[in-house]
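The values are calculated or read from the model by the stated rules, or taken from the named source; none is laboratory data. These figures come from a predicted structure and were not determined experimentally. A quick note on method: Cβ atoms are made from the backbone with ideal geometry, for glycine too, and the neighbour counts reach across all protein chains shown.
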Amino acid sequence: MDADALRDYLATRIEGVEQGIALEQFPGGHSNLTYLLRAGGMEYVLRRAPLGPVAPKAHDMAREFAVLRAVAPHFAPAPDVYLCCEDATVIGAPFFLMERRRGVILRETSDPPDPETAERASHAVVEGLARLHAIDIVAKGLGSLGKPEGFVARQVTGWAERWRRAATEPDAAMDRVIAWLERRLPVSPQATLVHNDYKLDNVMLAEGGLDRLIAVLDWEMATVGDPLADLGLTLCYWGLGATATDRPAMTSRPGWYRRERVIAEYGRLAGRDVTQVGYYETLGVFKLAVILQQIYVRWLRGQTQDPRFSRFGERVRLLIDQAERLAEQHG
(Lines give C-alpha, C1' and ligand atoms only; values in the text may rest on other atoms or scores of the structure.)
Protein backbone atom coordinates (compact mmCIF):
# COMPACT_ATOMS: atom_id res chain seq x y z
CA MET A 1 0.00 0.00 0.00
CA ASP A 2 1.20 3.53 -0.79
CA ALA A 3 1.38 4.94 2.73
CA ASP A 4 2.34 8.41 1.49
CA ALA A 5 -0.73 8.64 -0.75
CA LEU A 6 -2.92 7.43 2.09
CA ARG A 7 -1.41 9.97 4.49
CA ASP A 8 -1.95 12.79 2.01
CA TYR A 9 -5.60 11.78 1.52
CA LEU A 10 -6.29 11.52 5.24
CA ALA A 11 -4.38 14.68 6.18
CA THR A 12 -7.48 16.91 6.05
CA ARG A 13 -9.91 14.23 7.21
CA ILE A 14 -8.40 12.49 10.25
CA GLU A 15 -6.83 14.40 13.14
CA GLY A 16 -3.18 13.66 13.85
CA VAL A 17 -2.27 12.36 10.39
CA GLU A 18 0.04 15.32 9.81
CA GLN A 19 2.38 13.71 12.36
CA GLY A 20 2.62 10.60 10.15
CA ILE A 21 0.89 7.24 10.00
CA ALA A 22 1.90 3.67 10.74
CA LEU A 23 0.33 0.65 8.99
CA GLU A 24 0.31 -3.00 9.98
CA GLN A 25 -1.64 -5.71 8.15
CA PHE A 26 -3.80 -8.00 10.28
CA PRO A 27 -3.23 -11.73 9.61
CA GLY A 28 -5.97 -14.16 8.60
CA GLY A 29 -8.84 -13.77 6.19
CA HIS A 30 -9.04 -14.89 2.60
CA SER A 31 -10.58 -11.91 0.81
CA ASN A 32 -10.66 -8.30 2.00
CA LEU A 33 -7.43 -6.86 3.37
CA THR A 34 -7.51 -5.34 6.85
CA TYR A 35 -4.90 -3.07 8.43
CA LEU A 36 -4.23 -1.39 11.75
CA LEU A 37 -3.65 2.32 11.12
CA ARG A 38 -2.08 4.49 13.82
CA ALA A 39 -2.17 8.26 13.57
CA GLY A 40 -1.83 10.99 16.18
CA GLY A 41 -2.13 8.63 19.11
CA MET A 42 -5.33 7.08 17.69
CA GLU A 43 -5.90 3.61 16.23
CA TYR A 44 -8.22 2.75 13.36
CA VAL A 45 -8.93 -0.32 11.26
CA LEU A 46 -8.70 0.13 7.48
CA ARG A 47 -10.54 -2.31 5.21
CA ARG A 48 -10.07 -2.55 1.47
CA ALA A 49 -10.91 -5.02 -1.30
CA PRO A 50 -8.38 -7.76 -2.19
CA LEU A 51 -5.73 -7.31 -4.84
CA GLY A 52 -6.51 -8.16 -8.45
CA PRO A 53 -9.87 -8.53 -10.24
CA VAL A 54 -12.85 -9.46 -8.06
CA ALA A 55 -16.27 -10.96 -8.73
CA PRO A 56 -19.02 -8.51 -9.77
CA LYS A 57 -20.72 -6.81 -6.79
CA ALA A 58 -18.26 -8.44 -4.38
CA HIS A 59 -16.06 -6.60 -1.86
CA ASP A 60 -18.18 -3.43 -1.92
CA MET A 61 -16.47 -1.31 0.72
CA ALA A 62 -18.88 1.60 0.35
CA ARG A 63 -21.85 -0.67 1.04
CA GLU A 64 -20.17 -2.30 4.06
CA PHE A 65 -19.44 1.19 5.41
CA ALA A 66 -23.09 2.17 4.95
CA VAL A 67 -24.33 -1.01 6.64
CA LEU A 68 -22.09 -0.49 9.66
CA ARG A 69 -23.06 3.16 9.94
CA ALA A 70 -26.73 2.13 10.01
CA VAL A 71 -26.40 -0.88 12.32
CA ALA A 72 -23.82 0.28 14.90
CA PRO A 73 -26.21 2.58 16.84
CA HIS A 74 -28.55 -0.39 17.46
CA PHE A 75 -26.15 -3.31 17.91
CA ALA A 76 -23.24 -2.71 20.27
CA PRO A 77 -20.91 -5.37 18.75
CA ALA A 78 -20.94 -3.54 15.39
CA PRO A 79 -17.91 -1.20 15.25
CA ASP A 80 -18.39 2.49 14.53
CA VAL A 81 -17.17 3.77 11.16
CA TYR A 82 -15.51 7.11 10.44
CA LEU A 83 -14.63 7.60 6.79
CA CYS A 84 -15.18 5.98 3.40
CA CYS A 85 -13.07 6.61 0.29
CA GLU A 86 -14.52 5.39 -3.00
CA ASP A 87 -11.63 6.81 -5.04
CA ALA A 88 -9.65 3.73 -6.05
CA THR A 89 -6.68 5.84 -7.17
CA VAL A 90 -5.67 6.68 -3.58
CA ILE A 91 -4.45 3.21 -2.52
CA GLY A 92 -5.61 1.05 -5.44
CA ALA A 93 -9.10 0.22 -4.17
CA PRO A 94 -11.97 1.83 -2.22
CA PHE A 95 -11.53 1.61 1.55
CA PHE A 96 -13.04 2.73 4.82
CA LEU A 97 -11.88 3.38 8.38
CA MET A 98 -13.63 1.93 11.39
CA GLU A 99 -13.20 1.70 15.14
CA ARG A 100 -10.64 -0.69 16.57
CA ARG A 101 -11.99 -3.10 19.18
CA ARG A 102 -9.77 -5.13 21.49
CA GLY A 103 -10.56 -8.74 22.32
CA VAL A 104 -9.91 -12.31 21.24
CA ILE A 105 -10.61 -13.79 17.81
CA LEU A 106 -10.49 -17.57 17.93
CA ARG A 107 -9.13 -18.97 14.69
CA GLU A 108 -8.59 -22.61 13.85
CA THR A 109 -4.88 -22.12 14.52
CA SER A 110 -5.50 -20.61 18.00
CA ASP A 111 -4.85 -22.54 21.18
CA PRO A 112 -8.23 -23.96 22.25
CA PRO A 113 -9.77 -22.64 25.49
CA ASP A 114 -10.47 -24.95 28.41
CA PRO A 115 -13.91 -26.65 28.37
CA GLU A 116 -15.60 -24.24 30.80
CA THR A 117 -14.37 -21.23 28.84
CA ALA A 118 -15.40 -22.90 25.57
CA GLU A 119 -18.94 -23.34 26.90
CA ARG A 120 -19.14 -19.66 27.85
CA ALA A 121 -17.82 -18.69 24.43
CA SER A 122 -20.43 -20.90 22.75
CA HIS A 123 -23.20 -19.12 24.62
CA ALA A 124 -21.79 -15.68 23.78
CA VAL A 125 -21.67 -16.50 20.06
CA VAL A 126 -25.17 -17.98 19.89
CA GLU A 127 -26.67 -15.25 22.09
CA GLY A 128 -25.08 -12.59 19.89
CA LEU A 129 -26.74 -14.02 16.79
CA ALA A 130 -30.14 -14.14 18.51
CA ARG A 131 -29.63 -10.53 19.71
CA LEU A 132 -28.80 -9.36 16.19
CA HIS A 133 -31.97 -10.96 14.88
CA ALA A 134 -34.05 -9.38 17.67
CA ILE A 135 -33.44 -5.83 16.39
CA ASP A 136 -36.70 -4.28 15.15
CA ILE A 137 -35.71 -3.35 11.61
CA VAL A 138 -38.88 -1.30 11.09
CA ALA A 139 -38.64 0.73 14.30
CA LYS A 140 -34.90 1.32 13.75
CA GLY A 141 -35.28 2.27 10.08
CA LEU A 142 -33.10 -0.57 8.81
CA GLY A 143 -35.49 -2.12 6.31
CA SER A 144 -33.81 -0.38 3.38
CA LEU A 145 -30.62 -2.44 3.87
CA GLY A 146 -32.15 -5.31 1.91
CA LYS A 147 -35.14 -6.74 0.09
CA PRO A 148 -36.60 -9.46 2.30
CA GLU A 149 -39.32 -10.56 -0.14
CA GLY A 150 -37.99 -13.59 -2.00
CA PHE A 151 -34.71 -13.46 -0.08
CA VAL A 152 -33.93 -17.19 -0.08
CA ALA A 153 -34.90 -17.65 -3.74
CA ARG A 154 -32.58 -14.80 -4.71
CA GLN A 155 -29.80 -16.33 -2.61
CA VAL A 156 -30.10 -19.62 -4.49
CA THR A 157 -30.35 -17.97 -7.91
CA GLY A 158 -27.56 -15.47 -7.27
CA TRP A 159 -25.07 -17.94 -5.85
CA ALA A 160 -25.86 -20.46 -8.58
CA GLU A 161 -25.00 -17.80 -11.16
CA ARG A 162 -21.76 -17.00 -9.30
CA TRP A 163 -20.93 -20.70 -9.41
CA ARG A 164 -21.44 -20.88 -13.16
CA ARG A 165 -19.16 -17.89 -13.70
CA ALA A 166 -16.41 -19.32 -11.48
CA ALA A 167 -16.64 -23.04 -12.34
CA THR A 168 -13.74 -24.47 -14.30
CA GLU A 169 -15.66 -27.55 -15.50
CA PRO A 170 -19.19 -29.01 -15.33
CA ASP A 171 -20.13 -30.55 -12.00
CA ALA A 172 -23.14 -32.85 -11.83
CA ALA A 173 -23.15 -32.99 -8.03
CA MET A 174 -23.33 -29.21 -7.77
CA ASP A 175 -26.13 -29.19 -10.33
CA ARG A 176 -28.06 -31.62 -8.12
CA VAL A 177 -27.51 -29.45 -5.04
CA ILE A 178 -28.76 -26.35 -6.86
CA ALA A 179 -31.83 -28.22 -8.15
CA TRP A 180 -32.61 -29.44 -4.61
CA LEU A 181 -32.31 -25.93 -3.19
CA GLU A 182 -34.62 -24.57 -5.89
CA ARG A 183 -37.16 -27.35 -5.35
CA ARG A 184 -37.27 -27.14 -1.53
CA LEU A 185 -37.53 -23.37 -1.00
CA PRO A 186 -38.89 -22.78 2.54
CA VAL A 187 -41.43 -20.25 3.76
CA SER A 188 -39.30 -17.64 5.53
CA PRO A 189 -40.09 -16.23 8.99
CA GLN A 190 -40.37 -12.49 9.57
CA ALA A 191 -37.34 -10.68 8.14
CA THR A 192 -34.49 -9.52 10.34
CA LEU A 193 -30.98 -8.21 9.92
CA VAL A 194 -28.82 -10.97 8.44
CA HIS A 195 -25.04 -10.81 8.84
CA ASN A 196 -24.51 -13.50 6.15
CA ASP A 197 -21.06 -14.58 7.40
CA TYR A 198 -21.55 -15.13 11.13
CA LYS A 199 -18.82 -17.54 12.25
CA LEU A 200 -16.30 -17.90 15.02
CA ASP A 201 -13.42 -16.04 13.34
CA ASN A 202 -15.70 -13.12 12.46
CA VAL A 203 -16.53 -12.40 16.11
CA MET A 204 -14.37 -10.96 18.88
CA LEU A 205 -14.81 -12.18 22.45
CA ALA A 206 -13.85 -10.59 25.76
CA GLU A 207 -10.32 -11.32 26.93
CA GLY A 208 -10.09 -13.64 29.89
CA GLY A 209 -13.44 -15.35 30.12
CA LEU A 210 -14.48 -15.23 26.43
CA ASP A 211 -17.97 -14.79 27.86
CA ARG A 212 -19.02 -11.57 26.10
CA LEU A 213 -19.27 -10.55 22.47
CA ILE A 214 -16.98 -7.55 21.96
CA ALA A 215 -17.37 -7.18 18.19
CA VAL A 216 -18.89 -8.73 15.11
CA LEU A 217 -16.70 -8.16 12.04
CA ASP A 218 -16.91 -8.46 8.25
CA TRP A 219 -20.33 -6.99 7.39
CA GLU A 220 -19.70 -7.05 3.65
CA MET A 221 -22.65 -9.34 2.87
CA ALA A 222 -25.04 -8.13 5.58
CA THR A 223 -28.61 -7.46 4.50
CA VAL A 224 -32.24 -7.87 5.56
CA GLY A 225 -33.79 -11.27 5.04
CA ASP A 226 -34.34 -14.72 6.54
CA PRO A 227 -32.58 -15.05 9.93
CA LEU A 228 -32.28 -18.83 9.59
CA ALA A 229 -29.82 -18.26 6.74
CA ASP A 230 -27.41 -16.94 9.40
CA LEU A 231 -27.94 -19.94 11.66
CA GLY A 232 -27.45 -22.32 8.73
CA LEU A 233 -24.17 -20.69 7.75
CA THR A 234 -22.91 -20.72 11.34
CA LEU A 235 -23.59 -24.47 11.44
CA CYS A 236 -21.45 -24.97 8.30
CA TYR A 237 -18.39 -24.15 10.37
CA TRP A 238 -19.50 -25.53 13.74
CA GLY A 239 -17.72 -28.76 14.53
CA LEU A 240 -17.33 -30.03 10.97
CA GLY A 241 -13.82 -28.80 10.27
CA ALA A 242 -14.47 -26.84 7.04
CA THR A 243 -11.15 -25.08 7.64
CA ALA A 244 -7.82 -24.38 5.99
CA THR A 245 -5.92 -26.63 8.41
CA ASP A 246 -5.72 -30.33 9.16
CA ARG A 247 -6.40 -29.73 12.87
CA PRO A 248 -9.77 -30.60 14.44
CA ALA A 249 -12.24 -27.73 14.17
CA MET A 250 -12.10 -25.44 17.20
CA THR A 251 -15.77 -26.01 17.95
CA SER A 252 -15.38 -29.81 17.93
CA ARG A 253 -13.16 -29.66 21.02
CA PRO A 254 -14.30 -30.29 24.62
CA GLY A 255 -16.67 -27.73 26.13
CA TRP A 256 -18.03 -26.25 22.90
CA TYR A 257 -21.74 -26.63 22.31
CA ARG A 258 -22.62 -29.61 20.16
CA ARG A 259 -24.45 -28.67 16.98
CA GLU A 260 -27.80 -29.80 18.38
CA ARG A 261 -27.35 -27.47 21.35
CA VAL A 262 -26.43 -24.56 19.08
CA ILE A 263 -29.72 -25.05 17.22
CA ALA A 264 -31.81 -25.54 20.38
CA GLU A 265 -30.22 -22.62 22.24
CA TYR A 266 -30.67 -20.28 19.29
CA GLY A 267 -34.31 -21.37 18.95
CA ARG A 268 -34.90 -20.72 22.66
CA LEU A 269 -33.19 -17.33 22.75
CA ALA A 270 -34.70 -16.14 19.46
CA GLY A 271 -38.13 -17.66 20.07
CA ARG A 272 -38.04 -19.07 16.56
CA ASP A 273 -39.01 -22.38 14.93
CA VAL A 274 -35.77 -24.09 13.83
CA THR A 275 -37.17 -27.38 12.49
CA GLN A 276 -36.25 -26.48 8.90
CA VAL A 277 -32.66 -25.49 9.68
CA GLY A 278 -31.35 -28.39 7.56
CA TYR A 279 -32.32 -26.53 4.39
CA TYR A 280 -30.44 -23.45 5.51
CA GLU A 281 -27.34 -25.44 6.45
CA THR A 282 -27.31 -26.99 2.98
CA LEU A 283 -27.67 -23.50 1.51
CA GLY A 284 -24.78 -22.30 3.67
CA VAL A 285 -22.43 -25.11 2.61
CA PHE A 286 -23.38 -24.45 -1.03
CA LYS A 287 -22.58 -20.74 -0.65
CA LEU A 288 -19.27 -21.52 1.04
CA ALA A 289 -18.31 -23.81 -1.85
CA VAL A 290 -19.05 -21.00 -4.31
CA ILE A 291 -17.07 -18.44 -2.30
CA LEU A 292 -14.01 -20.71 -2.19
CA GLN A 293 -14.37 -21.49 -5.89
CA GLN A 294 -14.38 -17.76 -6.68
CA ILE A 295 -11.12 -17.40 -4.75
CA TYR A 296 -9.63 -20.55 -6.27
CA VAL A 297 -10.35 -19.49 -9.86
CA ARG A 298 -8.63 -16.16 -9.21
CA TRP A 299 -5.57 -18.15 -8.07
CA LEU A 300 -5.73 -20.40 -11.14
CA ARG A 301 -5.81 -17.35 -13.40
CA GLY A 302 -2.81 -15.81 -11.67
CA GLN A 303 -4.91 -12.93 -10.34
CA THR A 304 -3.69 -13.60 -6.80
CA GLN A 305 -0.45 -15.21 -5.63
CA ASP A 306 -1.47 -16.28 -2.12
CA PRO A 307 -0.20 -19.89 -1.78
CA ARG A 308 -3.02 -20.74 0.66
CA PHE A 309 -5.46 -20.68 -2.24
CA SER A 310 -3.72 -23.48 -4.16
CA ARG A 311 -5.63 -26.14 -2.16
CA PHE A 312 -9.02 -24.50 -2.39
CA GLY A 313 -10.03 -26.74 -5.27
CA GLU A 314 -9.87 -29.74 -2.90
CA ARG A 315 -11.91 -27.91 -0.29
CA VAL A 316 -14.55 -26.96 -2.86
CA ARG A 317 -14.91 -30.63 -3.80
CA LEU A 318 -15.37 -31.62 -0.15
CA LEU A 319 -17.98 -28.91 0.38
CA ILE A 320 -19.98 -29.93 -2.69
CA ASP A 321 -20.01 -33.52 -1.44
CA GLN A 322 -21.06 -32.29 2.01
CA ALA A 323 -23.90 -30.20 0.55
CA GLU A 324 -25.16 -33.17 -1.46
CA ARG A 325 -25.11 -35.41 1.64
CA LEU A 326 -27.08 -32.81 3.59
CA ALA A 327 -29.62 -32.51 0.79
CA GLU A 328 -30.08 -36.28 0.74
CA GLN A 329 -30.36 -36.38 4.53
CA HIS A 330 -33.13 -33.77 4.56
CA GLY A 331 -35.05 -35.27 1.66
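The rows are residues; the columns are (1) of a type in the set (Ser, Thr, Tyr); (2) touching a Phe, Trp or Tyr at 6+ places or on another chain (Cβ under 9 Å).
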| residue | (1), (2) |
| --- | --- |
| 132 | no, yes |
| 135 | no, yes |
| 157 | yes, no |
| 170 | no, no |
| 176 | no, no |
| 207 | no, no |
Could you list, in sequence order, all residues of the stretch 106-117 that are buried (at least 17 other Cβ atoms within 10 Å of the Cβ) and within 26 Å of residue 194 (Cβ to Cβ)? 106, 108
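Can you pull out the residues in the stretch 267-284 that are more than 20 Å from the chain's Cα centre (by Cα) and either hydrophobic (A, V, I, L, M, F, W, C) or within 13 Å of residue 167 (Cα to Cα) (or both)?
269, 270, 274, listed by residue number.
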Tell me, yes or no, whether the stretch 150-168 has at least one residue that is touching a strand residue (DSSP E or B) at 6+ places or on another chain (Cβ under 7 Å) and not in a helix (DSSP H, G or I). no
Collect the residues in the stretch 285-305 that are within 20 Å of the chain's Cα centre (by Cα) and not hydrophobic (A, V, I, L, M, F, W, C), keeping them in residue-number order. 287, 293, 294, 296, 298
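Quick one: would you say residue 131 is within 22 Å of residue 291 (Cα to Cα), in a helix (DSSP H, G or I) and either polar (S, T, N, Q) or not assigned by TED's automatic domain parsing to the domain that holds residue 70 (or both)?
The answer is no for residue 131.
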Residue 122 is checked against (1) in a loop (DSSP other than H, G, I, E, B); (2) among the small types (Gly, Ala, Ser); (3) under 24 Å from residue 273 (Cβ atoms) and fails just one. What number does that condition carry? (1)
Can you find even one residue in the stretch 50-59 that is part of a loop (DSSP other than H, G, I, E, B) and either at pLDDT 90 or above or closer than 21 Å to residue 203 by Cβ (or both)? yes
